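The values are calculated or read from the model by the stated rules, or taken from the named source; none is laboratory data. As the structure is a prediction and not an experimental result, all values here were calculated from the model. Neighbour counts run over all protein chains shown; Cβ positions are idealised from the backbone, glycine included.
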Amino acid sequence: MNVIAIMIILPLIALLAEIALSKRYSLTIVSISTFIMLAIVSYLLVVGFIHGSILVAQSYAYIIAPSISISLYLNIASLMLLLMASVVLFVASISGNIGAERAKLSSALMLLFQLAATGIFTSGTLIQFFIFWDIGVITAFVMINTLGTASSKKASMTFLIYEIFASAMLLFAILLIYFGTPLHTFNIQAIISGSNSMPVSAQGLIFFFMALAFMVNMPLFPFHSWLPGAYAEASTQGSMALAGILSKFGAFGLLLTFEMLPIASHYSIYVAGLAIVSSIYASIVMLSQTDIKRIIAYAAMVEMGIIALGISAFNVFGTYGALYGMLAQGLTIAFMFLIAGAIVFEFGERDMRLLKGVIANAKASAYSLVVGVLALSGLPLTSGFIADLLIFIGAYKSFSIYGLVPLFAIILMVAYMYYLLNKSVLSSRDRNWNVAYLGVSQKIGYGIFIAFIFVFGILPFVLLNMVH
């Protein structure tokens with residue numbers, strides 16, 4: 001059986017076991033499933049590194065009349081995102097449900113997210129892409145709505161309205177490709193190969209609707225209104241999955257859009273402009289935030305704007321950087337939300353102005369938060385540094401000095417986060433005696449994230465040398 005098919009079937013089998021067995025086995029089931037996924041992806045990475053490239057492709061006939069097949073496709077771009085997703089899901093499974101709340105439901109949702117992530121990053125057809133996209137969206141909605149805070153109902157409905165709109169735009173674009181062009185196929189590689197035969201007018205419409213759908217999902221300004229509420233009010237696992245993985249569905253889709261449609265190069269300047277505005281806007285709005293989860297949410301938006309800039313540059317450096325940025329940002333933002341959830345559990349407080357004694361009472365969380373901020377700032381030897389370096393080289397090559405404007409967004413974002421860290425988390429003048437201490441699993445989660453952030457910052461060639 002194809003290795004990708006095994007990765008897709010795995011969470012389905014685990015989900016059946018989750019339903020059949022009692023809740024005391026929930027953590028074990030989801031941990032085993034996500035660990036096996038991480039092991040398979042790591043094995044594929046080793047094989048790809050030895051051979052200098054990786055390509056796994058398999059098709060199965062599904063509906064013959066409209067030429068719909070199940071096509072599984074994995075290259076190094078897919079592998080990078082699967083690696084990021086597998087790390088985030090494994091750590092979220094073992095560490096993210098800090099209070100062990102509604103373990104059976106949270107574990108089932110994590111398995112559904114594993115299915116969605118594996119499916120979308122290995123989709124060989126646009127129909128599969130759309131199906132797994134909606135599985136991820138529905139799972140994220142339930143995560144926010146049922147496992148979030150008391151304010152999560154409104155946030156989940158806002159998220160759902162935006163995502164229904166994005167799904168409608170995406171489906172319309174997919175149908176336009178099939179019925180409005182001579183290709184009459186949903187196969188992504190066939191569309192890329194035959195893209196020059198697509199009418200320019202059809203390409204323009206398809207690009208507009210696809211780009212709109214993916215920008216809502218990332219999100220970019222002005223389609224971001226769902227982001228602060230959804231990220232902040234979701235459970236810790238939900239925030240990790242939303243910011244770390246779901247947003248990459250949009251970024252990966254935008255990258256595919258640029259690959260599939262030659263006309264995308266004519267609109268790249270507009271996407272770049274929106275990406276620059278989005279990152280600057282998010283960094284400015286962040287300055288008025290004191291809720292630790294909302295601060296991280298806007299930091300995620302800054303980074304997604306920079307990734308979109310790399311995609312729009314549409315050259316080797318920009319594309320490499322955007323891919324590496326998705327890996328780096330996914331790991332770092334999920335890491336930050338894990339820390340935020342741990343701090344809320346330990347101190348019962350999300351307002352940075354009221355957090356006292358973190359460095360005295362919760363050293364692991366305090367120092368890990370410092371590492372997370374350093375990684376977000378693109379500190380050398382972290383994966384974020386490699387991503388930012390490649391993206392800004394690509395952006396400068398395509399847009400000259402204007403491509404470097406988001407550097408100011410990074411500076412503003414990091415300066416504010418350092419300021420708040422120094423004023424609250426790292427302040428040792430006050431001591432909080434009412435602390436709920438973390439278990440070992442959360443500290444293991446910190447260690448896994450830190451290890452991957454530095455490994456891919458120090459050894460970027462492990463992945464980048466396989467990108468073609």
Is it true that some residue in segment 281-300 is within 20 Å of F129 (Cβ to Cβ), in contact (Cβ under 8 Å) with a residue 24 or more places away in the chain and among the aromatic types (F, W, Y)? no
Residues of segment 419-444 being basic (K, R), modelled with pLDDT of 70 or more and either closer than 14 Å to V344 by Cα or in contact with a helix residue (DSSP H, G or I) (Cβ under 9 Å, 6 or more places away or on another chain) (or both), which ones? K443
Residues that are aromatic (F, W, Y), under 20 Å from I188 (Cβ atoms) and at pLDDT 90 or above: does segment 250-266 have at least one? yes
Would a scan of segment 347-368 turn up a residue that is closer than 30 Å to F121 by Cβ and part of a helix (DSSP H, G or I)? yes
Every listed condition ((1) buried (at least 24 other Cβ atoms within 10 Å of the Cβ); (2) modelled with pLDDT of 90 or more) holds for A362 save (2)
Could you list all residues from segment 11-32 that are surrounded by 18 or more Cβ atoms within 10 Å (Cβ to Cβ), farther than 30 Å from L459 by Cα and among the hydrophobic types (A, V, I, L, M, F, W, C)? A14, L15, L27, I29
Within segment 445-468, of all residues that are in a loop (DSSP other than H, G, I, E, B) and surrounded by 17 or more Cβ atoms within 10 Å (Cβ to Cβ), the one modelled with the lowest pLDDT is M466
Of everything in segment 259-280 that's free of Cβ contacts under 8 Å to residues at least 60 places away in the same chain and within 22 Å of D388 (Cα to Cα), which residue is surrounded by the most Cβ atoms within 10 Å (Cβ to Cβ)? S278
Condition first: surrounded by 14 or more Cβ atoms within 10 Å (Cβ to Cβ) and more than 23 Å from G136 (Cβ to Cβ). Now tell me which residues in segment 172-191 satisfy that. G180, T181, L183, T185, A190
Any idea which of I333, I311, I339, I292 is crowded, with 24+ Cβ neighbours inside 10 Å and in contact with a strand residue (DSSP E or B) (Cβ under 9 Å, 6 or more places away or on another chain)? I292
Pair list, Cβ under 6 Å, 6 or more apart: segment 439-468 residue more than 21 Å from V91 (Cα to Cα), other residue outside any helix (DSSP H, G or I) and of a type outside the set (A, V, I, L, M, F, W, C): M466/S53
By residue number, the members of segment 116-127 that are in a helix (DSSP H, G or I) and buried (at least 23 other Cβ atoms within 10 Å of the Cβ) are A116, A117, T118, I120, F121, L126
Those residues of segment 133-171 which are in contact (Cβ under 8 Å) with a residue 24 or more places away in the chain, surrounded by 16 or more Cβ atoms within 10 Å (Cβ to Cβ) and aromatic (F, W, Y) amount to W133, F159, Y162
With respect to S398, is the statement that it is more than 20 Å from the chain's Cα centre (by Cα) and buried (at least 16 other Cβ atoms within 10 Å of the Cβ) true? yes
Of the numbered conditions (1) surrounded by fewer than 24 Cβ atoms within 10 Å (Cβ to Cβ); (2) in contact with a Gly (Cβ under 9 Å, 6 or more places away or on another chain); (3) over 23 Å from T236 (Cα atoms), F345 satisfies every one except a single condition; which is it? (3)
Give me the pairs, please: first residue somewhere in segment 33-48 and surrounded by fewer than 18 Cβ atoms within 10 Å (Cβ to Cβ), second residue anywhere and of a type in the set (V, I, T), beta-carbon distance under 7 Å, and either six or more positions apart or on two chains. V47/I54
Answer yes or no as to whether I391 is without any contact (Cβ under 8 Å) to a residue 24 or more places away in the chain and among the β-branched types (V, I, T). no
Output for segment 176-213, where each listed residue is farther than 21 Å from V271 by Cα and among the hydroxyl-bearing types (S, T, Y): Y178, T181, T185, S193, S197
